[in-house]
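A.B. asks: Have a look at the structure that comes next, please.
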Amino acid sequence: MAGKLKLTQVKSQIGRKYDQDRTLKALGLGKIGKTKELPDNESVRGMIFKVKHMVSVEEL
């Protein structure tokens, strides 16, 4: 697992659980269409798993 991941938020966090909202903020997201490049490691993968229904993921 080396490299980077490109995350894009595709769904709103409105009405979601508090911890999912905070996880999106920790990933640097928060608005639909916002994109971030993050390192591909276990902690980031764990956060992505928690909000996988709200983000799209691409491997770079």
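A.B. asks: Have a look at G46, G28, G15 and tell me which one the Gaussian network model of the chain (Cα, springs below 10 Å) gives the largest fluctuation.
C.D. replies: Greatest mean-square fluctuation among the candidates belongs to G15.
A.B. asks: How high is the relative contact order of the chain, in percent, counting Cα pairs under 8 Å that sit 6 or more residues apart?
C.D. replies: 55 percent.
A.B. asks: Given charges of +1 on the Cβ of Lys and Arg and -1 on the Cβ of Asp and Glu, with all other atoms neutral, how large is the dipole of the chain about its Cα centre, in debye to the nearest 20?
C.D. replies: I would put it at about 300 debye.
A.B. asks: Now for a separate question. Quick one: with all protein chains in place, what share of the accessible area of the chain is carbon or sulfur, to the nearest percent (1.4 Å probe)?
C.D. replies: 53 percent
A.B. asks: Taking every pair of distinct Cα atoms and averaging 1/r, then inverting, what Kirkwood hydrodynamic radius in Å comes out for the chain?
C.D. replies: Hydrodynamic radius (Kirkwood, Cα only) of the chain equals 11.3 Å.
A.B. asks: Oh, and also: In square angstrom, what is the accessible area per residue of the chain with a 1.4 angstrom probe?
C.D. replies: In whole numbers, the chain has 66 Å² accessible per residue.
A.B. asks: Something else about it: For the chain, what is the mean residue ellipticity at 222 nm derived from helices alone (per DSSP H run of n ≥ 4: -39500 (n - 2.57); sum divided by total residues; nearest 500 deg cm²/dmol)?
C.D. replies: Result for the chain: -8500 deg cm²/dmol, rounded to the nearest 500.
The values are calculated or read from the model by the stated rules, or taken from the named source; none is laboratory data. Owing to the predicted nature of the structure, the values given are computational and were not obtained by experimental measurement. Quick reminder, even Gly has a Cβ in these numbers, built from the backbone with ideal geometry, and neighbours come from all protein chains shown. Areas reflect the complete protein model, heavy atoms only, side chains present, ligands, DNA and RNA absent. Shrake-Rupley method; radii C 1.70, N 1.55, O 1.52, S 1.80 Å.
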